[in-house]
Each structure stands twice: as structure tokens, then as C-alpha cells.
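This report concerns only the one structure given below.
The values are calculated or read from the model by the stated rules, or taken from the named source; none is laboratory data. A quick note: this is a predicted structure, and the numbers were derived from the prediction, not measured. Here the Cβ is made from the backbone with ideal geometry for all residues, glycine too, and neighbour counts use every protein chain on show.
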Ligand SMILES: [Zn+2]
């Protein structure tokens, strides 16, 4: 089966995906992509873990969107450095 979306699109959608702000069909497409693309899977898993950790630390309060976006950007920069 062909990837429903490419890596670039998946990465563009990363923060929205984590905020669950994307339509269900996009969520599905991303999930499908993650099944087929180990690189993106690792990236999404790490981002998800970091945010879950943050939410637990913050007492389960919902994280503001801007914080998620900033965090995502920071992580993307960090991963870019790692290669
Ligand atoms: Zn990918």
C-alpha cells in the first residue's frame, strides 16, 4: 500500500496531530503514514511522549497550543541537529 501522505506533509501536521486538531481523515492518513514510515514514527512518538510528560508535570492541565507549537519547533531543531 502506498503512503497516503508524504513525510513532509506528516511533519507539517505534527503539531496539529498532537493537538488532535486535524480532521479525522487526516489523522487516519498520518496514522497510516506512521505505520509505513519508521522515521516519522520515531519522531511522532518522541513528540507525543514529551508532550504527555509535560501534561503530567503540569498536573494534567491542557497545554496551550502556542506551547505545543514552540515545543514542536524546538524539538524539530534538536532533531535536525542530530541528523
Ligand atoms: Zn515519513
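A few remarks follow.
- Number of the condition not met by residue 40 [criteria: (1) near the ligand (Cβ under 8 Å from one of its atoms); (2) farther than 19 Å from residue 76 by Cα]: (2)
Matching residues to (1) assigned to a helix (DSSP H, G or I); (2) exposed (fewer than 14 other Cβ atoms within 10 Å of the Cβ); (3) at pLDDT 80 or above; (4) more than 12 Å from the chain's Cα centre (by Cα):
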residue: 40; (1), (2), (3), (4): yes, no, yes, no
residue: 43; (1), (2), (3), (4): yes, no, yes, no
residue: 60; (1), (2), (3), (4): no, yes, no, yes
residue: 66; (1), (2), (3), (4): yes, yes, no, yes
residue: 71; (1), (2), (3), (4): yes, no, no, no
residue: 74; (1), (2), (3), (4): yes, yes, yes, yes
residue: 77; (1), (2), (3), (4): yes, yes, yes, yes
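- Restricting attention to region 1-37, the residues being closer than 13 Å to residue 72 by Cβ, touching a residue at least 24 places away in the same chain (Cβ under 8 Å) and within 15 Å of the ligand (Cβ to nearest atom) number 4.
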